[in-house]
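Just so it is clear, none of the values below were taken in a lab; they were calculated from the coordinates. As the structure is a prediction and not an experimental result, all values here were calculated from the model. Using ideal geometry, Cβ is built from the backbone for each residue, glycine included, and neighbour counts are taken over all protein chains shown.
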There are 2 protein chains.
Amino acid sequence: MPERAVTIRDVAREAGVSVATVSRVLNDSGPVREATRERVLGVATSLRYVPNQAARSLITRETLTIGVLLPDLYGEFFSEVIRGIDLGVQRERYHLLLSGSHDDWEEISAALRAMHRRVDGLVIMSPDLDAAAVQSTVPSDLPVVLLNCAASGRDIPAINIDNRGGARAMVEHLLSLGRRRIAFVCGPARNHDAAERLAGYREALAAAGLASQARELPGDFNELGGYRALRELLEAGEGPGVDAVFAANDSMAVGVLSALREAGVRVPEEVGVAGFDDIPIARYLSPPLTSVHVPIAELGLRAVSALLRAVRGGPRDASGEARQELLATQLVIRRSCGSLTTCGPDGADGADGANELVGGSSGARGGKGAPLTGESA
Amino acid sequence: MPERAVTIRDVAREAGVSVATVSRVLNDSGPVREATRERVLGVATSLRYVPNQAARSLITRETLTIGVLLPDLYGEFFSEVIRGIDLGVQRERYHLLLSGSHDDWEEISAALRAMHRRVDGLVIMSPDLDAAAVQSTVPSDLPVVLLNCAASGRDIPAINIDNRGGARAMVEHLLSLGRRRIAFVCGPARNHDAAERLAGYREALAAAGLASQARELPGDFNELGGYRALRELLEAGEGPGVDAVFAANDSMAVGVLSALREAGVRVPEEVGVAGFDDIPIARYLSPPLTSVHVPIAELGLRAVSALLRAVRGGPRDASGEARQELLATQLVIRRSCGSLTTCGPDGADGADGANELVGGSSGARGGKGAPLTGESA
DNA sequence: CTTATCTCTGGAAACGTTTTCAGAAAAACG
DNA sequence: CGTTTTTCTGAAAACGTTTCCAGAGATAAG
């Protein structure tokens, strides 16, 4: 099975020119006469020549690939992030090397070693880790962008969701509906997003002078976690003892709804329920779930932009400190908190509207006060 | 910023040996004295030497990377597939080059060209395409595995879900509950999985002598599609006119449930609802959704296994024809079809059980009659 | 002691590009 | 027409590996 691959040399020979000229034509670097150019191009396509990437990146020292490190590849959230990243990467004609399922630090650094020299830059998403740790492990000449990490080290660019602002907005909304005893179902203890959402909850409660009313239930970001949290709450006393439950993400809100239904507690009449993320099914739940919309795909898209900026700007950007971006969220009000009386999940025409209210954005601000334009994915 | 990367030559010099020896140590190919070996290894780690992948794959002509082509990166389903693939790839110490969002044939072939020589093999998932088309575009020396494609060309290995058997099993179950007028919400017209599920529905109905009762509603695999389909059904006559609705996937079933609830139709008393895929939230819906469980992650895992087998076995495996695998599905019976009277989505301990019945598998069979072992991901 | 077989090692040729440098041809200019 | 500039082109040197080949000791066999 020889079938030797066609190389640049074959093209050169066939076209009666040198390899240098072929290279020039293909990358249009340097001048080449029009006639020659066309001849080379013709030969190249007729031979189905495709440049050998390994050889090319051996000498140019760039791979046209970016790496993505994810904690684990579960669920809608990651799926959307990847989609955003893929979109961005494709637009810039880059490639995407994916590596998932990294829970602990050992695995991350192993994956990192494995990606060495295979990628021009790295997007690391690991809500459990902080920036300092990353900084000490990643080779200093490899551009990195952090997603949803505790950004302690200010000189790594990072993109985050405005978790705190979103949670605050949601709690304020619940308060405005007259709900006073609002429980919060937490995410995983060491998760950065979860911590920020919790902080937002506390802030809003404190601002309303209701800090003493805080009720924080442990959770894990999964449906089962929300389900269990509510079960325990319900079993603790007679009746739920709260008039609203705010889950740190939608998956848990699904579990919360399920537990309440099972216990015969009416939503939203007795207890309002709210989530965070606004995953696609949120509006189809029963009742449709009030949530905080997060532009997940855009998170990925922006990560790619930021990374490629760093890649192209050379190892250390002259502009100095690294950018920190904060993505605005949006309150999406549906029936699960009792603010609307209409029913049905959606207008029959598929557009948003009819039945849901999109609330004020939760304060977007760039690292340097630059406003974020709303170019959504 | 020179900071020249450390090469094999540096290691060789430092250890006082030739580059050939270093190479031998690192790949343990060929004999080398124990003392030398240790010295080289020591120097290598102390210099933090990492081999340059480009140079290596330039000469070995292998990239230790497999490519994955996906139609689009939406939702739980793809997320799970990717997870399975990632698991398999990681286990075999390969890398994963991902490329998504390819709807039409043009884009696929463009992505294919771009991946040329960057990958040792390809997993292509495109339910809209058939194998013949793939075969004509992919370079013949690049191993390929097809996922969920119409496998017309028998000499490309393909892995499919037993969509037809799963659908048949579900219809049989509905019939066994006494439901006779069963509507089916179809998937996208050109999607292979969708077509097979429809075929299963028809087969089961025909086998029961109820072919004339078939009621097929157009759909698109999204929540909104299911919602609309039911709306139209409900508006057509007074009352639903059916006693069960079988949606071609769970997302649509969510929409179906939502539309029924909105119209005040009780589930499962008046109309039973069933889905396909058994996505994680299925058991938390109201009522918990009866569905056909699909081992999605395993689909990805198997794809990797099959692909690497092909990669390592050389361009054309001597064993002759390519394997076609068919993955068994499982009926998961919950409350939405009215066969159980208990309530609540789950045992409080998180295990399956208490409240759901896992039905007989829908006939697994390998391409050559080999039974599929249930080594789940 | 010679010869044949091991075990270990280093030199050098690949692999398929890009890029530098210098030379050749063409064009512009006097 | 000679000179200078400009445009185009090719030879050859990288890039960092792996691998082939042959040589050097050492050990075993005769």
**Message:** Could you compute how fast the stretch A:166-221 diffuses translationally, taking Rh as the Kirkwood radius over C-alpha pairs and applying Stokes-Einstein at 25 °C with viscosity 0.890 mPa s? Give it in µm² per second.
**Reply:** 219 µm²/s
**Asked** For the rotation that brings chain A onto chain B, whose beta-carbon in chain A is nearest the axis, and what is that distance in whole angstrom?
**Response** A:Ser79, 2
**Asked** So who's got an amide H within less than 5 Å of the one on A:Leu122, skipping anything under 5 residues away but keeping other chains? H placed 1.01 Å off N, in plane.
**Response** A:Gly67, A:Val144, A:Val145
**For residues of A:116-125, the mean tally of beta carbons on other chains within 10 Å** = 3
**Request:** Please turn the phi angles of the stretch A:85-95 into ³J(HN,Hα) values with the Karplus equation 6.51 cos²θ - 1.76 cosθ + 1.60 (θ = phi - 60°), one per residue in order, whole Hz, x for glycine and proline.
**Result:** 4, 4, 4, x, 4, 5, 4, 8, 6, 9, 10
**Fill in**
Whole-Hz Karplus couplings 3J(HN,Hα) for the stretch B:167-181, θ = phi - 60° and coefficients 6.51, -1.76, 1.60, Gly and Pro as x, run 5, 4, 4, 5, 4, 4, 4, 4, 4, 5, 8, x, 6, 10, 9
**Asked** Does the stretch A:78-230 come out rounded, prolate or oblate, given a ≥ b ≥ c as the square roots of the eigenvalues of its C-alpha gyration tensor, rounded meaning a/c under 1.5 and, failing that, prolate meaning a/b above b/c?
**Response** prolate
**When the stretch A:8-51 is reduced to its Cα atoms, the Kirkwood hydrodynamic radius in Å** = 9.9 Å
**Prompt:** Let a ≥ b ≥ c be the square roots of the eigenvalues of the Cα gyration tensor of the stretch A:182-265; is it rounded (a/c under 1.5), or, if not, prolate (a/b larger than b/c) or oblate?
**Reply:** oblate
**Request:** List the distances, in nm and shortest first, from the label point of A:Gly209 to the matching label points in every other copy, placing each point 7 Å from Cα along the Cα-to-Cβ direction.
**Result:** 7.7
